[in-house]
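Please treat every number below as a calculation from the coordinates, not as lab data. Remember, it's a predicted structure, so these values are computed and weren't measured experimentally. Please note: Cβ atoms are built from the backbone with ideal geometry, for glycine as well, and neighbour counts cover all protein chains shown.
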Amino acid sequence: MSIDKPSILLIDDENDTLVTLKKGLEMKGFEVDAFDASPQALQQFKPYRYDVVITDIHMPILNGFEVCKLIRKQDEKVRIFFMTAFEVIEQEVKLAFPNIPPKSFITKTITIEKLVTLIESPREVTQAR
């Protein structure tokens with residue numbers, strides 16, 4: 001884990017999104033390990049190595065929720081954000097996922113500036129369990 005900026009594990013099967021977010025976050029000073037497949041990301045995952053995990057929801061083999069469950073078994077403290085190509089409607093998220101704060105869901109159209117703001121926001125606002 002980094003003292004200055006959080007270290008990030010980024011997982012998305014869409015290469016354009018993966019490269020864009022990785023480069024953008026690195027330009028903002030974050031250390032980012034990026035993977036285009038969830039099994040490879042999980043193989044490289046080490047407990048307490050990352051401060052933040054950003055994972056796409058819809059991926060082949062293991063989706064973002066499955067990734068979250070497996071990571072939580074190893075590291076209860078890492079913050080997890082879920083990316084989706086769909087609009088995030090807060091009331092629907094609260095009903096469908098009562099244990100996950102709506103701010104844990106981000107759209108793939110998010111700007112790097114807004115993503116950085118979320119990553120640096122207080123933990124209780126965005127902590128997925």
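Exposure proxy shown here: for Thr84, Thr55, Thr111, the number of other Cβ atoms within 10 Å sets the order, fewest to most, as Thr111, Thr84, Thr55.
How much net charge surrounds Leu25 when only the other residues with a Cβ under 13 Å from the Cβ of Leu25 are counted, with Lys and Arg +1 and Asp and Glu -1? Summing Lys and Arg as +1 and Asp and Glu as -1 gives -2. Can you work out the FRET efficiency for the pair Glu113 and Glu76, with r the C-beta to C-beta distance and R0 = 30 Å, to the nearest 0.05? Rounded to the nearest 0.05, the efficiency is 0.55. Ranked by the mean number of other Cβ atoms within 10 Å of their residues, highest first, the peptides 4-10, 24-30 fall in the order 4-10, 24-30.
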